[in-house]
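Written below as structure tokens is the structure these notes are about.
The values are calculated or read from the model by the stated rules, or taken from the named source; none is laboratory data. Values in this document were obtained by computation on a predicted structure and should not be read as measured data. We place every Cβ from the backbone using ideal geometry, glycine too, and count neighbours over all the protein chains shown. Just the protein is used for accessible areas: all its heavy atoms, side chains included, with ligands, DNA and RNA removed. Shrake-Rupley method; radii C 1.70, N 1.55, O 1.52, S 1.80 Å.
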Amino acid sequence: MTFFLKSKPFFLFLLLSICAVIFQACNVDNEETIPDVDFNLSLSGPSFLRGTSKVELNIESKEDVPYELNNVQLFNNGNEIESELKKESGKYFLEFDSKELGEGIQQLSIEVPVVVSGVTSDALSSSFQVEVDNFLPPFQFTSAFVKNLEYTEETGSLGDWNYYFDSETDFEYSIYFTDHQGNPISEAIDIMTFNDEVNVEIPSSVEGQNFYLAKVKKFKKDYFDTYYDEVINEDHLYLIYDFVSSSDMELHLYDFEDQEDYQITIKVPVSISNNYEMRGSFTLIRTEDDYNYYEVSYTMTDDHGYISGINYIYSDDFQKGVVIIPELYENGATVTIEEGDIKDFVGEQSYDMYGDFINIYGVIDIDNKEVYYPILVNKYDFDAEIRTRYMYSVKDGEDRVYAVSRFRIEDTRDLYITKHFESLPIDISSFDFPNSYHHNLSVENDVYSIERQDFMEDDDRLYIIAEFEGGMNGERKQVVEVLLLSTASAGAQLDLSTGLDAHNLYDGHFENLRTSQLTKTLSYYESEKAVKEDGFTSLRYTDHFNSSSRVRTSTKRIMDQELEIIKR
């Protein structure tokens, strides 16, 4: 009895041991049925995300093993984003709302567990950067900008022989946004009354990242000049398409700041004042100890790209002189000019008085910025029809280079080019326009388009300007223009086939426009950085169509006006 009682535990132990061995053997057999598979995860999707977005999950392995995915997770900087796994045509996609992410470049990561034969592997993971593009960049038109749209300039009195009056008044101004084909994607906003920041969500159905800010404005233009016997009474209507990239996130601020007036004093010996020419805004305030003291007032601009308020002192024969640039000095400074500051001219440039328009600029650094100032001292030889411009040393400064601009008016186009030179004079005839330029305006079914030239960079500008016959509004002429400003990379296209959708502003005036009303079409290319290695700082070509000789005589004035309109 005692033996059998001792054997019962032994029997149980033996039985359990046998079962364990059998279970282990079965488990080994089961593991051997699951192949040892190495999976690789890759992702594919759009170049940017907008609205509901999808990312395709590509799972690859050397072995042809069926698998399933579940519990896939999407993270943005460590925070999980709600998403849904979908399978379409045998492919897996992760779908999510991109508006849950911030705008701009975002860091995303995906974790993908792979299930094979019911067994879930360690999660595969992949991180990537992608641009989220649901909104246009913000815009704001401040009340100060609106207030300064209108201006009035008047000298003399009505009835005087030299009475002058110029004004732009009664502004109406609205904006909206369009896709790159000019179709509105936002409501119209009256900026005369709404001055808050404007944020526009891009409809998810809109493809691409090229858009336009459409500016629609109307105002009265009145101009009187009794000396030249010229009178203008016009109503101006403009529709301006200004290129916008949705990848741009910076605030576009239309504002106006009163420019602060600065003042310096230039101290000049009386002997120099009596024996040298003085050109500029010299206002004599006093004479003391054989010196004349001149007050010079100027406006310091935020952008030092170009300075116009320059002062010159030079000899009657043009052989000696000095340039005083007020912006080189602090407000309230006194600058003393002595005889030793007036030196021999450092350069001269002669050219045909009646040939191409030639402008010459000194290029100098102010506050680590490249600044252009005009060379204005001219000597005329009317018999030979030659003009010579003289360059003098800059007081307390030094020119780096000289910029020479050449502007030519031809029958169907204007050419403009600027090039840097280390010294002058140069042979003007050798400074010519590139021969490789060919205008490529395309007109098909009343759709006007131009494409980039070889000399252009991606962000250089393309312009198409269309002027229409507007008729009369009582005694006032109606001036109607449509301007499109795009970039070299985006191209420029203006569809005039069926009118322009401008939210029926101004009684649907732009919707009713037709090409039969066109009086002139201009297109041109503008590059501020093109072929810089060859010394060019800008290249512009302008082509005119349906232009009369009367219009041709004022081409430069017209283009200056167009650019001023665009800026405003």
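Those strands (runs of 3 or more DSSP E) of region 45-161 in which 2 or more residues are open to solvent by 20 Å² or more (accessible area, probe 1.4 Å) occupy 52-60, 73-76, 79-81, 83-88, 91-97, 104-112, 124-132, 151-155. Taken over region 369-392, the residue count meeting the criterion of being closer than 22 Å to Ile342 by Cα, among the β-branched types (Val, Ile, Thr) and open to solvent by 10 Å² or more (accessible area, probe 1.4 Å) is 1. Could you please find all residues in region 318-363 being acidic (Asp, Glu) and open to solvent by less than 60 Å² (accessible area, probe 1.4 Å)? Result: Glu327, Asp341, Asp356. Against the condition open to solvent by 40 Å² or more (accessible area, probe 1.4 Å), closer than 29 Å to Lys218 by Cβ and at pLDDT 90 or above, how does Glu444 come out, does it pass? It is false that Glu444 is open to solvent by 40 Å² or more (accessible area, probe 1.4 Å), closer than 29 Å to Lys218 by Cβ and at pLDDT 90 or above. For region 239-268, the set of residues classified as farther than 30 Å from Asp290 by Cβ and of a type in the set (D, E, K, R) consists of Asp242, Asp248, Glu250, Asp255, Glu257, Asp258, Glu260, listed by residue number. Of note, Asn274 does not satisfy the criterion of being touching a residue at least 60 places away in the same chain (Cβ under 8 Å), open to solvent by 70 Å² or more (accessible area, probe 1.4 Å) and either at positive phi or of a type in the set (S, T, N, Q) (or both).
Condition first: at pLDDT below 95, surrounded by fewer than 15 Cβ atoms within 10 Å (Cβ to Cβ) and polar (S, T, N, Q). Can you find one or more residues in region 205-217 that meet it? Within region 205-217 (the criterion being at pLDDT below 95, surrounded by fewer than 15 Cβ atoms within 10 Å (Cβ to Cβ) and polar (S, T, N, Q)), the answer is yes, since at least one residue qualifies.
Remark: Ile366 falls outside the filter, which requires a residue to be without any contact (Cβ under 8 Å) to a residue 40 or more places away in the chain, open to solvent by less than 60 Å² (accessible area, probe 1.4 Å) and assigned by the TED database to the domain that holds Phe318. In a residue-by-residue description of region 228-238, the property of being over 30 Å from Gly474 (Cα atoms) and either surrounded by 15 or more Cβ atoms within 10 Å (Cβ to Cβ) or touching a strand residue (DSSP E or B) at 6+ places or on another chain (Cβ under 7 Å) (or both) applies to no position. Of the set (1) assigned to a strand (DSSP E or B); (2) at pLDDT below 95, all apply to Val322 but (2). Only one of the listed residues (Ser538, Ser547) is crowded, with 16+ Cβ neighbours inside 10 Å, modelled with pLDDT under 85 and touching a Phe, Trp or Tyr at 6+ places or on another chain (Cβ under 8 Å). That residue is Ser538.
Looking across region 147-165, the residues that are within 19 Å of Lys220 (Cα to Cα), among the acidic types (Asp, Glu) and more than 30 Å from the chain's Cα centre (by Cα) come down to Glu153, Glu154.
Of all the listed residues (Tyr354, Tyr373), the sole one being of a type in the set (Phe, Trp, Tyr) and assigned to a strand (DSSP E or B) is Tyr373.
Here Asp196 meets each of (1) at pLDDT 95 or above; (2) more than 30 Å from Asp225 (Cα to Cα); (3) surrounded by fewer than 16 Cβ atoms within 10 Å (Cβ to Cβ); (4) in contact with a Phe, Trp or Tyr (Cβ under 7 Å, 6 or more places away or on another chain) with one exception, condition (4).
Only residues that are surrounded by fewer than 18 Cβ atoms within 10 Å (Cβ to Cβ), of a type outside the set (Ser, Thr, Tyr) and not in a loop (DSSP other than H, G, I, E, B) were counted in region 294-317, giving 1.
Among the residues of region 233-268, those that are in a strand (DSSP E or B) and either within 15 Å of the chain's Cα centre (by Cα) or free of Cβ contacts under 8 Å to residues at least 24 places away in the same chain (or both) comprise Ile240, Tyr241, Asp242, Phe243, Val244, Ser245, His252, Leu253, Tyr254.
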